[in-house]
1. Among the candidates ARG43, ARG6, which residue alone is open to solvent by 70 Å² or more (accessible area, probe 1.4 Å), touching a strand residue (DSSP E or B) at 6+ places or on another chain (Cβ under 7 Å) and away from the ligand (no atom under 16 Å from the Cβ)?
2. Mind listing just one residue for me: the one in the range 116-136 that is more than 12 Å from the ligand (Cβ to nearest atom) and within 16 Å of the chain's Cα centre (by Cα) and, of those, surrounded by the fewest Cβ atoms within 10 Å (Cβ to Cβ)?
3. Quick one: which of GLY178, GLY261 is more than 20 Å from GLU283 (Cα to Cα) and open to solvent by 10 Å² or more (accessible area, probe 1.4 Å)?
4. Do the conditions hold for VAL291, that is, is it in the same structural domain as SER52 (by TED's automatic domain parsing) and open to solvent by less than 50 Å² (accessible area, probe 1.4 Å)?
5. Go through the residues of the range 213-227 one by one and say whether even a single one is loosely packed, with under 14 Cβ neighbours inside 10 Å, without any contact (Cβ under 8 Å) to a residue 24 or more places away in the chain and assigned by TED's automatic domain parsing to the domain that holds ILE269.
6. Got a sec? Which of ILE61, ILE20 is of a type in the set (Val, Ile, Thr), under 22 Å from ILE281 (Cβ atoms) and surrounded by 15 or more Cβ atoms within 10 Å (Cβ to Cβ)?
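The values are calculated or read from the model by the stated rules, or taken from the named source; none is laboratory data. All of these numbers come straight from a predicted model, not from anything done at the bench. We place every Cβ from the backbone using ideal geometry, glycine too, and count neighbours over all the protein chains shown. Note: areas computed on protein heavy atoms with side chains; ligands, DNA, RNA excluded. Shrake-Rupley method; radii C 1.70, N 1.55, O 1.52, S 1.80 Å.
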Amino acid sequence: MTKTARGSLLDIEHLDAKEITGLLQLARRMNPLKPRPLLRGKRVLLLFYEASTRTRSSFEIAAKEMDAMTTLVLSSGSSIEKGESLLDTAYTLQAVGADVMVVRHPAAGAPLLMARHLKIPVINAGDGMHEHPSQALLDAYTILRHKKKLQGLQVTIIGDIYHSRVARSAIHLLSKFGARITLCGPPELLPELATCLAPNLHISRTAEEAVRGADVVMVLRVQKERLAGLKIRLQDYIARYQMTLARMKLAKRDAMVMHPGPIIRGLEITWEVADCPQSVIVEEVANGVPVRMAILARALGKA
Ligand code: NCD
């Protein structure tokens with residue numbers, strides 16, 4: 001594999017458990033309410049080719065909490081609209097003085113391609129249907145605030161797993177730490193092939209079976225923007241897979257409800273479940289800030 005700049009975060013698959021634990025420990029020391037000027041004078045470039053609310057704002061706030069400067073470049077309104085290639089855009093932004101680049105792109109592998117050509121670290125903020133490593137880290141961070149350890153935890157991931165980079169990164173991370181993972185969804189959104197992602201993955205086609213006895217229930221959005229050609233009858237999906245209070249009752253009493261957002265209430269999750277006491281959906285968003293502070297500090301060699 002071609003060498004990439006130290007500090008890049010491209011995926012979870014190629015990180016080992018020690019590196020993940022190190023990042024989570026660092027995140028625990030990052031208190032967004034007590035700013036630390038660790039990145040004073042550094043420039044964080046946020047390059048977003050796809051819509052984002054949580055990831056973009058929390059990377060930006062994380063950078064600013066450590067006194068870095070941030071510049072946001074969106075595909076609309078930039079020369080990307082005029083046809084400039086990904087690499088030419090990346091070289092341009094490196095030339096204006098970026099010290100680290102956070103990128104979200106619809107194509108799997110775009111951050112890796114950039115990291116192979118740039119001198120600065122690249123952080124993957126979600127690449128197509130591939131990975132979303134900072135989301136997996138903040139989800140692990142959130143779980144560990146409520147549960148002692150990941151090992152042996154029964155985690156159910158339910159929804160559009162096929163299109164989900166969140167699921168892919170979560171599966172890699174959780175399986176490295178010995179969690180027991182059940183994936184649940186219809187065949188169109190969860191092909192049997194998904195079991196190749198990690199050892200000992202279990203597939204269930206029934207929400208009730210998948211949720212029974214779970215410690216963590218991670219619900220995923222049906223990614224309508226990536227469905228191209230796939231015929232999903234949303235009413236059938238809702239009937240079989242929507243996370244309802246009745247289904248949640250089958251999980252352990254202290255089971256956590258997670259969702260990376262954006263949530264579509266009334267589709268993959270009911271209003272009641274989204275707002276129930278077991279829901280940590282808002283906490284996940286908040287935890288994105290210290291976790292992304294840790295990622296940026298590590299990328300710039302400041303921690
Ligand atoms: C997700 C994404 O963009 O991958 N959201 C996020 O970053 N928290 C999931 C989604 O879009 O459904």
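1. Exactly one of ARG43, ARG6 is open to solvent by 70 Å² or more (accessible area, probe 1.4 Å), touching a strand residue (DSSP E or B) at 6+ places or on another chain (Cβ under 7 Å) and away from the ligand (no atom under 16 Å from the Cβ), namely ARG43.
2. To start, the set of residues in the range 116-136 that are more than 12 Å from the ligand (Cβ to nearest atom) comprises 116-123.
Those still in the list that are within 16 Å of the chain's Cα centre (by Cα) too: 122-123.
Details: VAL122: 28, ILE123: 25.
Per the criteria, the residue is ILE123.
3. Details: GLY261 fails: more than 20 Å from GLU283 (Cα to Cα).
Being more than 20 Å from GLU283 (Cα to Cα) and open to solvent by 10 Å² or more (accessible area, probe 1.4 Å) holds for just one of GLY178, GLY261, which is GLY178.
4. Numbers: in the same structural domain as SER52 (by TED's automatic domain parsing): yes; open to solvent by less than 50 Å² (accessible area, probe 1.4 Å): yes.
For VAL291, the condition - in the same structural domain as SER52 (by TED's automatic domain parsing) and open to solvent by less than 50 Å² (accessible area, probe 1.4 Å) - is met.
5. There is at least one residue in the range 213-227 that is loosely packed, with under 14 Cβ neighbours inside 10 Å, without any contact (Cβ under 8 Å) to a residue 24 or more places away in the chain and assigned by TED's automatic domain parsing to the domain that holds ILE269.
6. Details: ILE20 fails: under 22 Å from ILE281 (Cβ atoms).
None of the other options fit; the residue is ILE61.
This table checks each residue for (1) within 21 Å of the chain's Cα centre (by Cα); (2) modelled with pLDDT of 95 or more; (3) within 16 Å of the ligand (Cβ to nearest atom).
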residue: VAL166; (1), (2), (3): yes, yes, yes
residue: ILE171; (1), (2), (3): yes, yes, yes
residue: PHE177; (1), (2), (3): yes, yes, no
residue: GLY185; (1), (2), (3): yes, yes, yes
residue: LEU201; (1), (2), (3): yes, yes, no
residue: ALA210; (1), (2), (3): no, yes, no
residue: VAL216; (1), (2), (3): yes, yes, no
residue: ARG233; (1), (2), (3): no, no, no
residue: ALA239; (1), (2), (3): no, yes, no
